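A short worksheet on the structure shown next.
The values are calculated or read from the model by the stated rules, or taken from the named source; none is laboratory data. Just so it is clear, the model here is predicted, and its values are computed rather than measured. Heads up, the Cβs are rebuilt from the backbone with ideal geometry, glycines too, and the neighbour counts pull from every protein chain shown.
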Amino acid sequence: MGLGSLTVDARLDLFGAAPALDLRAEIARLRKERNAVILAHYYQDPALQDLADFVGDSLDLSRKAAATDADVIAFCGVKFMAEVAKILSPDKTVVLPDLKAGCSLEDSCPPDQFAAFRAAHPDHVSLTYINCSAAVKAHSDIIVTSSSAERIIAQIPPEQKILFAPDKHLGAWLSRRTGRDMLLWDGTCIVHEKFSVTELLKLKTLHPDAPVLAHPECPAAILDLADYIGATSGILDFALKSPAQTLIVATEPNIIHQMQLGAPGKTFIGAPGADGNCGCNMCPFMAMNTLEKLYLCLRDLTPVIDVPEVIRVRAKLPLDRMLAMAGGPVPVRGD
Ligand code: 13P
Ligand code: SF4
């Protein structure tokens with residue numbers, strides 16, 4: 001039986017019995033041997049961010065995956081992100097350290113129910129958040145990320161009706177920002193839902209000069225307390241450029257790693273959950289990827305991401321629209 005047929009956990013068990021390896025050196029060796037590129041999202045464990053060739057938000061990671069000339073893309077992120085890489089670069093081998101690294105937004109939107117929702121609203125354009133399965137993308141008109149959505153909505157004629165899935169908080173925020181009425185799917189991110197208004201208000205009292213930076217996947221009650229709202233790339237940019245010395249960060253706390261690297265003299269405080277600390281706001285899906293699993297997936301080229309060709313071709317169309325409509329880097333706004 002080849003190693004590829006074993007589960008990640010079984011391969012980890014075998015690996016546990018092996019003599020200690022210098023994982024960073026081994027990953028560097030395999031990256032070269034395989035002509036691999038390692039892409040990582042800001043929510044990944046800092047050890048993975050530090051090893052990656054590129055760390056970015058969902059839009060920038062998609063652009064990198066579409067443009068790479070590597071033979072292998074090792075995606076340190078969640079499954080829908082690795083699927084996007086495969087859809088845009090079908091000739092590459094795309095590996096994900098742990099295939100179980102899903103997303104609550106993807107789970108909230110089963111493809112058959114989404115297809116029925118679309119069929120019930122044939123006069124609506126479907127603007128779909130990239131946090132969904134390849135099959136849902138295949139039923140969509142345009143994919144958006146949180147960094148590109150406003151720019152893309154501005155290009156949709158005002159009389160055109162829009163439905164937005166699967167994140168109801170991001171959809172509601174976009175609706176407020178753009179003044180466009182949108183039919184919303186009822187999905188949420190379990191990570192951004194956990195921030196506590198009461199605890200955030202207490203923290204603001206302790207740090208009255210600290211701006212609050214929030215991701216639009218947060219509920220409106222949290223966004224109402226924010227000084228800046230934006231995608232991870234925008235939050236990072238704001239944190240680095242802001243004259244404030246202490247900032248409160250209402251998104252997955254692993255992004256603070258890049259803030260500390262870019263502005264070591266500043267203090268970044270993760271917004272708290274109901275228990276008063278930010279530990280509950282770690283994304284459990286992102287956390288499934290580890291250094292050991294990255295090593296194993298580069299060594300064995302498994303778990304590999306496969307998207308059935310009929311779905312891949314249909315899903316590529318709304319992703320290509322996103323890349324075209326998003327244009328160059330989206331300007332960061334502080335309002
Ligand atoms: P962005 O990095 O595009 O802001 O997405 C955040 C997120 O929740 C990814 O799962
Ligand atoms: Fe999904 Fe939320 Fe985790 Fe992002 S942070 S992968 S939206 S569960």
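Considering the range 269-294, and only residues there that are more than 16 Å from ligand 2 (Cβ to nearest atom) and crowded, with 22+ Cβ neighbours inside 10 Å, the residue that is nearest to R29 (Cα to Cα) turns out to be L294. Sub-6 Å Cβ pairs linking a first residue in the range 310-335 that is under 18 Å from M81 (Cβ atoms) to a second residue that is in a loop (DSSP other than H, G, I, E, B) and modelled with pLDDT of 95 or more, at least 6 apart or interchain, are P318/S140; P318/D141; A326/S148, ordered by first then second residue.
Across the range 42-77, what is the number of residues that are within 11 Å of ligand 1 (Cβ to nearest atom) and either closer than 21 Å to L301 by Cβ or of a type in the set (V, I, T) (or both)? Selection size over the range 42-77: 4.
So, G56, is that one small (G, A, S), out of contact with any Gly (no Cβ under 9 Å at 6 or more places or on another chain) and within 13 Å of ligand 2 (Cβ to nearest atom) or not? So G56 fails the test. Would you pick out the residues in the range 67-91 that are within 16 Å of ligand 2 (Cβ to nearest atom) and either in contact (Cβ under 8 Å) with a residue 60 or more places away in the chain or not aromatic (F, W, Y) (or both)? F75, C76, G77, V78, K79, M81, A82, E83, V84, A85 - these are the residues of the range 67-91 that are within 16 Å of ligand 2 (Cβ to nearest atom) and either in contact (Cβ under 8 Å) with a residue 60 or more places away in the chain or not aromatic (F, W, Y) (or both). If you check D53, D60, D69 for being charged (D, E, K, R), surrounded by fewer than 24 Cβ atoms within 10 Å (Cβ to Cβ) and within 12 Å of the chain's Cα centre (by Cα), only one passes: D60.
Of the helices (runs of 4 or more DSSP H) lying entirely inside the range 78-192, the ones with 1 or more residues being within 16 Å of ligand 1 (Cβ to nearest atom), in contact with a strand residue (DSSP E or B) (Cβ under 7 Å, 6 or more places away or on another chain) and of a type in the set (V, I, T) are found at 134-138, 149-153. In the range 28-48, the condition of being surrounded by fewer than 21 Cβ atoms within 10 Å (Cβ to Cβ), away from ligand 2 (no atom under 16 Å from the Cβ) and under 21 Å from S146 (Cα atoms) is met by no residue. Among residues of the range 233-255 that are at negative phi, those with a Cβ under 9 angstrom from a residue that is part of a helix (DSSP H, G or I) and acidic (D, E), sequence gap 6+ or separate chain, pair up as S233/D60. When K241 is tested against (1) surrounded by fewer than 19 Cβ atoms within 10 Å (Cβ to Cβ); (2) within 16 Å of the chain's Cα centre (by Cα), only condition (2) is not met.
I'd like to know if the range 198-220 contains one or more residues that are of a type in the set (K, R), within 16 Å of ligand 1 (Cβ to nearest atom), surrounded by 15 or more Cβ atoms within 10 Å (Cβ to Cβ) and assigned to a helix (DSSP H, G or I). Checking the range 198-220: not a single residue is of a type in the set (K, R), within 16 Å of ligand 1 (Cβ to nearest atom), surrounded by 15 or more Cβ atoms within 10 Å (Cβ to Cβ) and assigned to a helix (DSSP H, G or I).
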